[in-house]
Amino acid sequence: MAPLDIDPLNRREFHSLVVSIEASVNKLDLLIAICDDRNLQDALITTYEAELKEQGITPFRIRLNPKRPSLRAALQELFDREASLQSSEPAVITVLNANELLGVRLTEEKSEQEKFFFSLQWTREALRQFKAPVVIWLSDSIATRLSQRAKDFWSWRSGVFEFVAAEPEVVAQVLQSGGMMQMPQMQERETADAASQIPIADLQQQLASLEASAPESPLLITLYNSLGEAYEQEYNYHQALELYEKGLALAKAKNDLNGQARSLHNLGD
């Protein structure tokens with residue numbers, strides 16, 4: 001089925017993701033795909049799985065165990081179960097539910113997200129035994145936290161692929177056509193205390209780095225708001241307002257309704 005003819009930037013990003021998967025068959029490659037919209041994410045995964053399957057690359061999907069959100073454990077369970085992976089047949093593995101992990105602490109010392117970040121930071125070398133490209137789907141907010149909480153793992157990634165949200169009618173058209181498309185992204189489910197958990201200096205460093213390397217990245221919307229919220233908690237309202245305004249301007253430029261809503265909510269407060 002022919003893919004939709006959509007924005008060239010999204011089309012190029014999707015093509016880059018597929019090419020990266022193809023280039024890393026039979027070896028571990030950690031690929032980060034960013035998309036907040038569940039329908040878009042499902043359509044994208046369906047599309048690249050179908051394309052790769054035609055080339056003899058078997059797709060697998062795994063879900064993290066919320067009680068033990070370890071990528072290594074989830075991969076080990078899959079490899080133990082699937083004979084084709086044990087025999088090194090070409091495959092791609094998609095990690096689905098990192099966005100569903102809770103970011104707030106309930107009865108345990110660490111939240112589900114914190115456990116996930118910790119496991120990624122300290123089990124990187126243990127992943128080398130899994131000879132297949134792994135695509136981890138994240139929202140932009142969780143990708144931001146991951147880059148701060150698991151810096152060693154983040155530096156080891158092979159690529160980050162960001163996608164811009166489609167209009168609702170485009171998403172409906174994609175799903176009705178069977179989920180074949182070349183696009184995506186996003187915006188956001190934040191936990192209330194996210195900004196307070198990340199030091200201002202770390203947020204400033206991440207923001208400066210991303211502004212220099214990718215000034216149009218949708219991740220900046222989250223960073224502007226997160227840093228603004230951190231300043232607001234320090235009663236530095238002037239700095240907070242400037243950052244919320246930047247987040248709103250970029251969200252409008254990206255036609256990101258959720259990003260606009262968050263920025264406007266912060267400005268209203």
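Spin-label model, LYS110/LYS131: points 7 Å from Cα along the beta carbon direction are separated by 3.0 nm.
Would you please classify the overall shape of segment 125-165 from the alpha carbon gyration tensor, given that a ≥ b ≥ c denote the square roots of the eigenvalues, rounded means a/c under 1.5, and beyond that prolate means a/b larger than b/c while oblate covers the rest? It comes out oblate by the Cα gyration axes. Loop-located trypsin sites (Lys or Arg not before Pro) in segment 33-130 (DSSP state other than H, G, I, E, B) with a sparse environment of at most 15 neighbouring Cβ atoms within 10 Å: ARG63, LYS67, ARG105, LYS110.
Residue-wise HN-Hα couplings along segment 204-211, as the Karplus relation 6.51 cos²θ - 1.76 cosθ + 1.60 with θ = phi - 60° gives them from phi, are 4, 5, 5, 5, 4, 5, 6, 4 Hz; Gly and Pro carry x. Scalar couplings 3J(HN,Hα) for segment 50-65, obtained by applying the Karplus form with A = 6.51, B = -1.76, C = 1.60 to θ = phi - 60°, are 5, 5, 6, 4, 4, 9, x, 9, 7, x, 10, 10, 10, 10, 6, 7 Hz; x denotes Gly and Pro.
For GLU54 and THR123, what is the calculated FRET efficiency with R₀ set at 25 Å and r taken between the beta-carbons, to the nearest 0.05? E(calc), rounded to 0.05, equals 0.15. In a reduced charge model with +1 at each Lys and Arg Cβ and -1 at each Asp and Glu Cβ, segment 193-269 shows a dipole moment near 260 debye about its Cα centre.
For segment 244-254, backbone phi angles converted through the Karplus equation (6.51, -1.76, 1.60; θ = phi - 60°) give residue-by-residue couplings of 4, 5, 5, x, 5, 4, 5, 5, 5, 4, 8 Hz, Gly and Pro being listed as x. Sorting ASP269, ASP42, ASP256 on solvent-accessible area from highest to lowest, probe radius 1.4 Å, gives ASP269, ASP42, ASP256. Full extension of the chain between ASN97 and ALA201 yields a length gain of 34.5 nm, computed as 0.36 nm times the residue separation minus the alpha carbon distance. Surface analysis of segment 29-168 yields an accessible area of 43 Å² per residue, using protein heavy atoms and a 1.4 Å probe.
The values are calculated or read from the model by the stated rules, or taken from the named source; none is laboratory data. Everything quoted here is computed from the prediction, not taken from an experiment. Neighbour counts run over all protein chains shown; Cβ positions are idealised from the backbone, glycine included. Surface accessibility is based on the protein's heavy atoms, side chains included, excluding ligands, DNA and RNA. Shrake-Rupley method; radii C 1.70, N 1.55, O 1.52, S 1.80 Å.
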